Amino acid sequence: MSATTIWSSQNEISQNYSELIGNMRQSNPVHFNMFGDLVVMDYKNVKRVFSDSENFRNFDFTERFRIVSAIANNDPALLEFGESLRYWLLFMNGERHAEHRRFVNKKFYEADYETITQEAIREVLETCRDQKEADLVEIARKFSFLIISKIINFESSDYDFIQKFSYVITLIFEKTLSVKDLLECASMSRQFSSYLSQTLSRHEKDLTRSLLVEMNEIMGSSRIHELIGTWEFLVNAATETTTLLLTRSIATLIDNKDKPINWNSHTECAIAVEELIRFVSPVNWIPRQIHQSIEFEGLALKKGKTVLVGIASANRDPSVFQDPDTFMPARKPNPHIGFGFGIHHCVGARLSRFEMQKFLPAFMSAFPDIRLHPEKPCEWDSKVFFRGHKSLPVLLR
């Protein structure tokens with residue numbers, strides 16, 4: 001298959017993706033794709049890009065949205081959306097990124113995650129208690145929503161909106177994004193801004209001491225756009241990435257029932273979760289942007305060029321991982337980079353690990369006979385950067 005195939009969302013590509021990127025990594029680990037982007041797929045060079053935050057910076061969407069907005073008759077919604085992305089940690093650089101990251105980290109992890117997670121697990125298991133079959137994607141989405149809703153005091157009636165927002169907004173990463181798709185992203189961003197402002201007003205009126213209220217008091221009313229952009233990013237990441245990771249982790253455990261895991265052992269559980277993160281790699285690709293013209297692996301890179309960093313590929317590199325395409329729940333050491341690496345390491349990594357270590361033992365214990373539905377095939381999503389299932393039917397009993 002050609003190099004262009006790895007950017008396809010066809011079902012047969014998704015089903016054989018690990019083999020495909022493995023072949024590409026072996027034959028051409030650093031190359032320019034048909035879009036003119038530099039593609040980096042081997043572990044050594046992926047870590048090299050992540051480690052060099054001076055030359056490889058977080059992507060700046062602002063200019064891209066100015067151009068697209070001009071194409072779309074200077075649509076103001078696109079310009080507003082481009083500005084809102086400036087407040088995503090994922091697109092900040094330098095001291096601005098470091099300062100905002102410290103603040104977000106401090107406030108985000110003040111919540112009582114033990115209580116929040118256990119309550120969410122109980123609610124999910126209660127929902128599934130009398131069901132004979134279910135969709136793993138819906139289970140994972142329910143759990144991820146419950147976590148973020150308890151952190152920021154969303155209401156249960158907000159579920160559909162939050163899921164739609166989180167799903168649509170990740171389209172910005174896709175390489176074949178149309179103006180129509182961008183306009184939909186911009187519309188969802190506007191709706192989320194209005195929604196979060198209303199939620200903040202409700203919390204203040206009801207004297208709810210939510211994390212949203214506390215962060216707003218610290219940042220001040222003049223930084224409300226920064227507050228909204230921060231939560232736009234956090235809600236999206238906590239919902240979409242968790243859904244993808246949990247869905248494919250359970251599917252992996254179903255496929256590997258011959259490899260028992262002692263979930264009651266904290267050490268065995270933690271090691272197995274790390275292997276699931278490596279094996280699944282929920283975010284396939286992360287974009288970076290060249291800050292100044294440089295040479296990389298013999299290739300001349302011009303300032304502003306996009307670099308696509310292959311996390312999923314790096315986590316299957318045989319030069320680092322023995323039998324990389326085999327799920328080994330006791331794999332150790334396991335230097336995976338499923339949450340990135342360096343100063344832009346995923347801000348939610350600690351919470352994600354905690355959720356996995358709590359949810360998987362409870363869920364797999366509750367449904368020891370879980371298996372893929374023999375009559376209802378899975379459906380793959382159309383996304384490439386966040387490649388995963390759109391639906392994954394299972395029999396719970």
Exercise for the section: Might you check whether a residue that is modelled with pLDDT of 95 or more, among the hydrophobic types (A, V, I, L, M, F, W, C), out of contact with any Gly (no Cβ under 8 Å at 6 or more places or on another chain) and open to solvent by 40 Å² or more (accessible area, probe 1.4 Å) occurs anywhere in the stretch 340-353? Expected result: no
Practice task
Keeping to the stretch 155-202, report how many residues are in contact with a helix residue (DSSP H, G or I) (Cβ under 6 Å, 6 or more places away or on another chain), within 16 Å of Leu234 (Cβ to Cβ) and open to solvent by 20 Å² or more (accessible area, probe 1.4 Å).
Solution key: 1
Practice task
Just one of (1) in a loop (DSSP other than H, G, I, E, B); (2) of a type in the set (S, T, N, Q); (3) buried (at least 19 other Cβ atoms within 10 Å of the Cβ) trips up Gln131, so point out which.
Solution key: (3)
Practice task
Please state which of the following conditions Ser319 fails to meet, knowing it meets all the rest: (1) surrounded by fewer than 21 Cβ atoms within 10 Å (Cβ to Cβ); (2) part of a helix (DSSP H, G or I); (3) hydroxyl-bearing (Ser, Thr, Tyr).
Solution key: (2)
Fill in the blank from the handout: Considering the stretch 82-109, residues that are charged (D, E, K, R), closer than 22 Å to Pro287 by Cβ and more than 20 Å from the chain's Cα centre (by Cα), and then whichever is surrounded by the most Cβ atoms within 10 Å (Cβ to Cβ), we arrive at Glu83
Exercise for the section: Answer with yes or no whether Pro329 is assigned to a helix (DSSP H, G or I), crowded, with 19+ Cβ neighbours inside 10 Å and at pLDDT 95 or above. Expected result: no
Exercise for the section: Kindly indicate whether Leu146 is under 24 Å from Leu244 (Cβ atoms), part of a helix (DSSP H, G or I), over 16 Å from the mean Cα position of the chain (by Cα) and at pLDDT 95 or above. Expected result: yes
Problem - Test: Arg387 is assigned to a helix (DSSP H, G or I), basic (Lys, Arg) and either open to solvent by 50 Å² or more (accessible area, probe 1.4 Å) or at pLDDT below 95 (or both) - result: no
Handout entry: the stretch 222-233 residues that are closer than 13 Å to Leu200 by Cβ, paired with ones that are exposed (fewer than 15 other Cβ atoms within 10 Å of the Cβ) (beta carbon under 8 Å, 6 or more apart)
Key = Ile224/Ser197; Ile228/Ser197
Completion exercise
Counted residues in the stretch 275-317 being on the phi < 0 side of the Ramachandran plot and either more than 24 Å from the chain's Cα centre (by Cα) or among the hydrophobic types (A, V, I, L, M, F, W, C) (or both) come to 25
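This table checks each residue for (1) open to solvent by 20 Å² or more (accessible area, probe 1.4 Å); (2) part of a loop (DSSP other than H, G, I, E, B); (3) at positive phi; (4) among the aromatic types (Phe, Trp, Tyr).
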{"site": "Glu204", "(1), (2), (3), (4)": "yes, no, no, no"}
{"site": "Glu214", "(1), (2), (3), (4)": "yes, no, no, no"}
{"site": "Ile250", "(1), (2), (3), (4)": "no, no, no, no"}
{"site": "Asp258", "(1), (2), (3), (4)": "yes, yes, no, no"}
{"site": "Asn264", "(1), (2), (3), (4)": "yes, yes, no, no"}
Exercise for the section: Filter the stretch 287-316 for residues that are surrounded by fewer than 19 Cβ atoms within 10 Å (Cβ to Cβ), in a loop (DSSP other than H, G, I, E, B) and touching a Gly at 6+ places or on another chain (Cβ under 8 Å) and give the result. Expected result: Lys305
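The values are calculated or read from the model by the stated rules, or taken from the named source; none is laboratory data. From a predicted model like this one, the values you see are computed outputs, not experimental measurements. A quick note on method: Cβ atoms are made from the backbone with ideal geometry, for glycine too, and the neighbour counts reach across all protein chains shown. These area figures cover heavy atoms from the full protein model, side chains too; ligands, DNA and RNA do not enter into them. Shrake-Rupley method; radii C 1.70, N 1.55, O 1.52, S 1.80 Å.
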